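No value in this document is a laboratory result; all are computed from the given coordinates. Just so we're clear, the structure is a prediction, and the values are computed from it rather than from any experiment. Cβ sites come from the backbone with ideal geometry, for glycine too, and all protein chains shown count toward neighbours.
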Amino acid sequence: MSDKQSTSVLRNILKYSSSKIYRQFLGVFTAFIRPRLLTPDQFGLWNILNVLPDYASYVHLGSRSSMRYLIPYYEVKHDYERNRKIKSSVFYGSLYLNLAIATCLVLYSVAKTHSLPVRFGIIAMAVVILLTWYYEYYFSVLKSYQRFDLISVSTYFTGTITFLLSGAFIYFINIYGAFLSLIVTLVLAICYLRRRYPLEPHGGFCYQQFAELIKVGFPIMIFELLTVFMRTSERIVTSYLLGTEQLGYYGIAIMVFNFVISIPGSAREVIEPIFMQDLERRSIEVNFVEYFLKPLINTAYLMPFVIGPIVIILPVLIPLILPGYVQGIRSAQITVLGAYFLSLCFIFRGIIVAQRWQLKASAIVLWGLVVNVSCIVWLLKRGLGLEGVALGSCLSYLVLFLSFLLFIRRMFHVKLPEWDTNINALLWPFPILVITLLLLRLSSSYLHINIYIKTVFDLCVFFISMIGLLYVAQKKYSLLRTLLQIWWEL
């Protein structure tokens, strides 16, 4: 990337990330409102049913994934008719598939004997699935054209509406309000998008085009879907082995984990369309450095600045806001540490898709899923409870990251520039992050001071330690940017 392009990308990442952080920040309060107004059992029901839209969003069979990558590619070639045909086929093809899923859920809610909250929740999720289909299609189109300005504003809008509606709806109609607020938020968000960026009229559905998109995108989708399974399997296992009440306590870990990984997830969504445009312009060696090594090493050194403060603040914040969920603090802290490795795994997808290695890489994610479930079950049977769930997930993310790293090194048969130097750079951030947190925790037994003063002291020591690490590492690793460099470029 040129310096101008690099700065533009960085601005898009920060704008998009800041909008998602804003939504997540308000979402933290919203998420705290849910368990405060709901019982742990109801909160557990919310968490388990909330995975349905996550899974259903992949019934497009990869067509939407193909669209995300192909539109930037054909836009450079000025093949606008091809892009119009792609968008039309994805729109109708994914609509028909989502309608089928939503219909099955409604029939299931009626055919089986369920309590009223469960039945209402399933039907509500059927509606959410259809609304999410349209909302995510809209976002996919905007991302394909790199309209992150509009995406960012829309994210701010959605976050604000969610915050305003959730508490009121849950307060007045309990668990039913949790589901209804999600529906109303999606409706308002879609109306906002349609007002700001009306979609061009769609042509007819082309089965052949849709089949071609699936052929290209299905491996991408499988890769993404297995990653989602891996991230949500802990909820299913916890619900099955410990019950929805314990899942409700673990919901604190889920909430914080989603907040942390939203930041590297935003960076990936901004970078990948530009990567696809540069595929034929530059050599694989140059693209490898720009779109893999550089994001990987910068993510490795910057994520501790997000993870560490959360680990330090949680023991103070949770008792103040959610005293009934104190037993979920330790599992949340462990889960957040595991988010470090998953954030690094996000970087791999672009290079894997560009080289058409999705199916082979899917085997690695499947292996990570097996490790995830096996570790959680084994640790639960050893009586570790929610901490065992969090530790099992953390270990599986570490295994996934190391497996991806070995996979990339083995698959590239060309000489990869700066590989050894920059991979060695990854040895330092996480151990120093953990050691610093452990030493601060150990100091609690020697420093008998007010807990709030101790928290401020720990934050100061932690930031000084991480800034020192970043300063030393930046002198040795040329691809690593300091926080001061990033601020100056903006």
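Pick out, in residue order, every one of the trypsin sites (Lys or Arg not before Pro) in region 70-115 that is DSSP loop and has at most 16 other C-beta atoms within 10 Å; say none if there are none.
Numbers: sites: K77, R82, R84, K85, K87, K112; in loops: K77, K112.
Loop-located and lightly packed - K77, K112.
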Exercise for the section: May I ask for the distance between the Cα centers of region 457-473 and region 140-177, given as a whole number of Å? Expected result: 35 Å
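Using Cβ counts within 10 Å as a stand-in for footprinting exposure, how do F463, F169, F157 rank, fewest first? Can you show the working numbers first?
Details: F463 14, F169 21, F157 18.
With the sparsest Cβ surroundings first, the list reads F463, F157, F169.
Does region 3-489 come out rounded, prolate or oblate by the C-alpha gyration tensor, with a ≥ b ≥ c the root eigenvalues, rounded set by a/c under 1.5 and, if not, prolate when a/b is larger than b/c and oblate if not?
Numbers: a/c = 1.57, a/b = 1.05, b/c = 1.49.
In terms of gyration-tensor shape, oblate.
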Handout entry: Under the Karplus curve 6.51 cos²θ - 1.76 cosθ + 1.60, θ = phi - 60°, whole-Hz ³J(HN,Hα) for region 395-410, x wherever Gly or Pro sits
Key = 5, 5, 5, 5, 4, 4, 4, 5, 5, 4, 4, 5, 4, 4, 5, 6
Fill in the blank from the handout: With x for Gly and Pro, the residue-by-residue ³J(HN,Hα) of region 354-360, computed from phi through the Karplus equation 6.51 cos²θ - 1.76 cosθ + 1.60 at θ = phi - 60° and given in whole Hz, is 4, 8, 6, 9, 4, 5, 5
Problem - Under Karplus coefficients 6.51, -1.76 and 1.60, residue-wise ³J(HN,Hα) of region 111-127 in Hz, glycine/proline x - result: 6, 9, 8, 10, 5, 4, x, 5, 4, 4, x, 5, 5, 4, 5, 5, 5
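Set the bar at 21 Å for Cα to Cα. Now go through K294/K360; K112/K381; K85/K215 and name every pair that lies beyond it.
On the way: K294/K360 24 Å; K112/K381 31 Å; K85/K215 16 Å.
Pairs exceeding the cut-off: K294/K360; K112/K381.
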Completion exercise
The residues T232, T299, sorted from fewest to most surrounding Cβ atoms within 10 Å, come out as T232, T299
